[in-house]
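Here the structure comes first, spelled out in structure tokens, and everything after it is commentary.
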Amino acid sequence: MSAQATDITPAPSTRAGALRHKLPGSLAWHLGSLLILAVILYPVVWVIGGSFKKSGDIVGSLDLFPSDPITSNYTRLSEGIADISISTFFFNSLTLAIGSVVGILLSCSLTAYAFARIRFAGRNLLFTLMIGTLLLPYHVLLIPQYVLFRNMEMINTYTPLLLGKYLATEAFFVFLMMQFMRNLPKDLDEAARLDGCGHLRIYWSIVLPLCRPALITSAIFTFINSWNDFMGPLIYLNEPDKYTVSLGLKMFVDQEGVADYGGMIAMSLVALLPVLAFFLAFQRYLIDGMATSGLKG
């Protein structure tokens, strides 16, 4: 008894009908995506176009790009602001950003390891108190912290901006790393203890390499937050040669309220480059770390 093959390939008319049926929905989805993309990219395009306009043509102008572009906004950046080089602001911001990243990665990862892998008295209470700090607004702690650092004669230094980063005061990053460490197999710790490793060796040689995705994510957010921070440097820094990029932008507005919008927009665009470069540099490691975290069964 021979079996006859059945042709299950849909007829051309059937395929054409299916395509006609899906075409309106697909077209609407793509048009909606392009509309959302245009809304998101509009501020970026406006900043790029504004950096090539005169200050008087920026406010109230509806044109994205000028008909007669100029480059004087960028050339003025090389001259500095109030006899201070633009590179000084970038160096100060880079110092704070790198210092913040190092402090967050060291302190928060060590604290997360203690909460995730070590059992000690009062662990749950301390963890609850730490998470509770997320509910405290920044402005509630602003005055007490300022009074404390003023009494310690640390005003006009970078210490108030960096000290908290080395004391694991960022509960969000502690929680992020702790949740990642909890998913690591406990067998790794037991095997390391059999080889004579203590908690510090397990933390440094085993847990940290496997937590690379969480560490890189924390580093990216910390760098961006520190680079864009305006309130902290505004409160604790008094001398212009210690200003960051965010405070340097404020110097484009003089005491009489006259603003150099062209120079301000040009510097804003240049200030985006380090953040973008930092993200692009670590994006590949973030994706690779998530793909190969070492947790294969």
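The values are calculated or read from the model by the stated rules, or taken from the named source; none is laboratory data. Bear in mind the structure is a predicted one, so any value in this text is a computation, not a measurement. Using ideal geometry, Cβ is built from the backbone for each residue, glycine included, and neighbour counts are taken over all protein chains shown. We work out accessible area using only protein heavy atoms, side chains counted, and drop any ligands, DNA or RNA first. Shrake-Rupley method; radii C 1.70, N 1.55, O 1.52, S 1.80 Å.
Counting only trypsin sites (Lys or Arg not before Pro) that are in a DSSP loop and have at most 13 other C-beta atoms within 10 Å, tell me the longest site-free stretch of the chain.
120-295
Farthest towards the positive end of the charge dipole of region 33-153, among the residues GLY56, SER93, LEU129, is the Cα of LEU129, using unit charges on the Cβ of Lys, Arg, Asp and Glu.
Of all alpha-carbon pairs in the chain, indicate the percentage at a distance above 30 angstrom.
55 percent
Entry note, the chain: relative contact order of 28 percent, from Cα contacts under 8 Å with a spacing of 6+ residues.
According to the Kirkwood relation over distinct C-alpha pairs, the hydrodynamic radius of region 106-251 is 17.4 Å.
Reported to the nearest whole Å, the Cα centre-to-centre distance from region 176-194 to region 50-98 is 49. Protein heavy-atom accessible surface, 1.4 Å probe, per residue over the chain: 63 Å².
3J(HN,Hα) along region 110-123: 5, 5, 5, 5, 5, 6, 8, 10, 10, 9, 9, 5, x, 5 Hz, from the Karplus curve 6.51 cos²θ - 1.76 cosθ + 1.60 with θ = phi - 60°, whole Hz, x for Gly and Pro.
The string of couplings for region 163-173 from the Karplus curve (6.51, -1.76, 1.60, θ = phi - 60°) is 4, x, 5, 8, 10, 6, 7, 8, 5, 4, 6 Hz, one whole number per residue in order, with x for Gly and Pro. A Cβ-based charge dipole, computed about the Cα centre of the chain with Lys and Arg at +1 and Asp and Glu at -1, lands at about 1260 debye. Given +1 at the Cβ of Lys and Arg, -1 at the Cβ of Asp and Glu and no other charges, the dipole of region 174-217 around its Cα centre is 140 debye to the nearest 20. Take the Kirkwood radius over Cα pairs of region 49-117, plug it into Stokes-Einstein at 4 °C and 1.567 mPa s, and you get 81 µm²/s for translational diffusion. Normalised radius of gyration (Cα atoms, divided by 2.2 N^0.38 Å) for region 119-190: 1.46. Exposed loop sites here mean chymotrypsin sites (Phe, Trp or Tyr not before Pro) with a DSSP loop assignment and at most 14 other beta-carbon atoms within 10 Å; the chain contains its longest site-free run at 1-119. Close amide H partners of ILE81, meaning residues 5 or more places away or on another chain with modelled amide H under 5 Å apart, are ILE86.
Phi angles of region 177-190 translate, via the Karplus equation with coefficients 6.51, -1.76, 1.60 and θ = phi - 60°, into HN-Hα couplings of 5, 5, 4, 5, 5, 5, 7, 6, x, 5, 4, 5, 5, 5 Hz per residue; Gly and Pro are given as x. Considering only PRO209, PRO274, PRO144, the Gaussian network model of the chain with Cα springs below 10 Å gives its largest mean-square fluctuation to PRO144.
GNM on the chain, alpha-carbon springs under 10 angstrom: the most fluctuating residue among LEU215, LEU141, LEU37 is LEU37.
In region 41-173, the convex hull through the Cα atoms has an average projected area of 13.1 nm², a quarter of its surface area. Positive end of the dipole of region 216-268 (Cβ unit charges, origin at the Cα centre): among THR244, LEU234, ILE224, the Cα lying farthest that way belongs to ILE224. Within the chain, what is the number of lysine pairs with alpha carbons under 26 Å apart, leaving out pairs fewer than eight places apart on the same chain? Taking the chain as the scope, the lysine pair count is 6.
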